[in-house]
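Worksheet: one structure, shown below.
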Amino acid sequence: MSAPQAPVTVRVPAKVNVQLAVGAARPDGFHDLANVFLAVSLYDEVTATPADALTITCTGPDADQVPLDRSNLAARAAEILAARAGIEPAVHLHIAKNIPVAGGMAGGSADGAAALLACDTLWGLNTPRAELLDICAELGSDVPFSLVGGAALGTGRGELLTPVGAGTFHWVFAVADGGLSTPAVFREFDRLAEAAGTRIPEPEASPALLAALASGDADRLGATLANDLQAAALSLRPQLARTLAAGVEGGALAALVSGSGPTTAFLVADEEAAAKVAAALEASGTCRATRVASSPAPGATVLPS
Ligand code: C5P
C-alpha cells in the first residue's frame, strides 16, 4: 500500500429527482422509493490532506450552516473507510460548498461520497467500487448516487441503483431561505396520507418519464416530472407555491420541489431560457438565490492535482 501525500480533491454533483415515487413507511422507518435521480452541474469539492487527526473546514456562501463535527457525512465516510482499512482517519477534509445546504439536492450526501473517494485515493487503498458503494449506502440513501452520478433509478430506500438513459436538459434552481429536514418531510408525507385515508401504492418508475428522459425532449420530460414529497414540502413551507408559480410565469416548462425541498427546480428549454427564468425568479422576491445548471453530470471525480 503506497500512500501518496499530496492533497486529493474530488468534485461531486448535486442531484434533482425527476421522479420521486414514495411507498408506505416500512417497519424500519424508511420508505420504499422509485427514485429517478439526475445529477446536475452544481458541484461541491472535497479536498483530503494528511493531518494529525480528523478535522473539517468548509467555505462557500452557506458554509456557516454546515456541521464541522462527526455528524458531517464527510467525517463519517473517512471514519468508516479508515476503520475498514485498520488505520487512523488522520485527515483534514476541506469542503468547498456550492450545493444548497439542507435543500433537497443531496449536498450532504455528495460530501460523504466525495470524502470517501478522496480518502480512498489519499490512503492508496484502491477499495473496489462495490465496497465503496456499500459504504455509501451505510452513510445514507442518496450517497451511492452521488458517487455514480449521471442518471439512475434508485429502488429500495433509494440506494439500489440501475443506470438509465438521459439526454441533455437545462435547469434553474431556486434556493429558499433555510433548509427542510428530510425526516420531517417524510413524516408529513405519512401524516397527509393517513389523513386522506388512501392506500399508498407500491412505488414504480414511470415508463413515460424514463422514455422522456432518454429522449432529451424537454417538453416531454416536463409533462412527466413527479415528486410525491412535493405536497408534504408545500404543507410545511406553503410559500414555496409562490416560487413554483413565479418560475412557470417566467417561462419554465415545468417546476417541482427538488427531493424533500425546499429548493425548487425549473426545467427550461435551453441556456437562454435558463437565464430568463433565473432573472424572473430573482425579480419575484420569492427565493434567496438562483443557480443555473445542466444535466446529466458525472459522479464523484478525482481532479488532476
Ligand atoms: O438515508 P438518509 O439518512 O439520508 O435518510 C434520512 C431520513 O429520511 C431517514 O431517517 C428517514 O426518516 C427518511 N427517509 C425515508 N425513506 C427513504 C429515505 C429517507 O423515510 N427512502
- [ ] Can you tell me which residue within the range 261-292, out of those that are touching a His at 6+ places or on another chain (Cβ under 9 Å) and either β-branched (Val, Ile, Thr) or not assigned by TED's automatic domain parsing to the domain that holds Pro183 (or both), is least open to solvent (accessible area, probe 1.4 Å)?
- [x] Val268
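Look through Leu253, Leu236 and report the one residue that is surrounded by fewer than 23 Cβ atoms within 10 Å (Cβ to Cβ), over 25 Å from Asp32 (Cβ atoms) and touching an Asp or Glu at 6+ places or on another chain (Cβ under 7 Å).
None of the other options fit; the residue is Leu253.
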Open item on the list: Please verify whether Gly247 is outside the structural domain of Gly158 (by TED's automatic domain parsing), assigned to a loop (DSSP other than H, G, I, E, B) and surrounded by 21 or more Cβ atoms within 10 Å (Cβ to Cβ), treating the condition exactly as stated.
Closed with: no
Task: Selected residue (only one of Pro183, Pro203 is within 14 Å of the ligand (Cβ to nearest atom) and over 19 Å from the mean Cα position of the chain (by Cα)) - done: Pro203
Open item on the list: Conditions first: (1) within 28 Å of Gly150 (Cβ to Cβ); (2) open to solvent by less than 10 Å² (accessible area, probe 1.4 Å). Ala82 passes all but one, so which condition is the exception?
Closed with: (1)
Task: Candidates Leu192, Leu253, Leu236, Leu267, filtered to the one that is within 19 Å of the chain's Cα centre (by Cα) and aliphatic (A, V, I, L, M) - done: Leu267
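For the condition in a loop (DSSP other than H, G, I, E, B), more than 20 Å from Val40 (Cα to Cα) and either within 11 Å of the ligand (Cβ to nearest atom) or open to solvent by less than 60 Å² (accessible area, probe 1.4 Å) (or both), what is the one hit in Gly165, Gly178?
Only one candidate passes the filter, namely Gly178.
Could you identify the single residue in Leu117, Leu153, Leu161, Leu192 that is out of contact with any Lys or Arg (no Cβ under 8 Å at 6 or more places or on another chain) and over 21 Å from Arg26 (Cα atoms)?
None of the other options fit; the residue is Leu117.
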Task: Checking Ala223 against (1) free of Cβ contacts under 8 Å to residues at least 40 places away in the same chain; (2) in contact with a strand residue (DSSP E or B) (Cβ under 8 Å, 6 or more places away or on another chain); (3) among the small types (Gly, Ala, Ser); (4) open to solvent by less than 20 Å² (accessible area, probe 1.4 Å), the condition it does not meet - done: (4)
Task: Subset tally (residues that are modelled with pLDDT under 95 and either within 14 Å of the ligand (Cβ to nearest atom) or part of a strand (DSSP E or B) (or both)) for the range 4-25 - done: 2
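The values are calculated or read from the model by the stated rules, or taken from the named source; none is laboratory data. In this text the structure is predicted, and so the values were computed from the model without any measurement. Cβ atoms come from the backbone with ideal geometry, glycine included; neighbour counts cover every protein chain shown. With ligands, DNA and RNA removed, areas are computed over all heavy atoms of the protein, side chains included. Shrake-Rupley method; radii C 1.70, N 1.55, O 1.52, S 1.80 Å.
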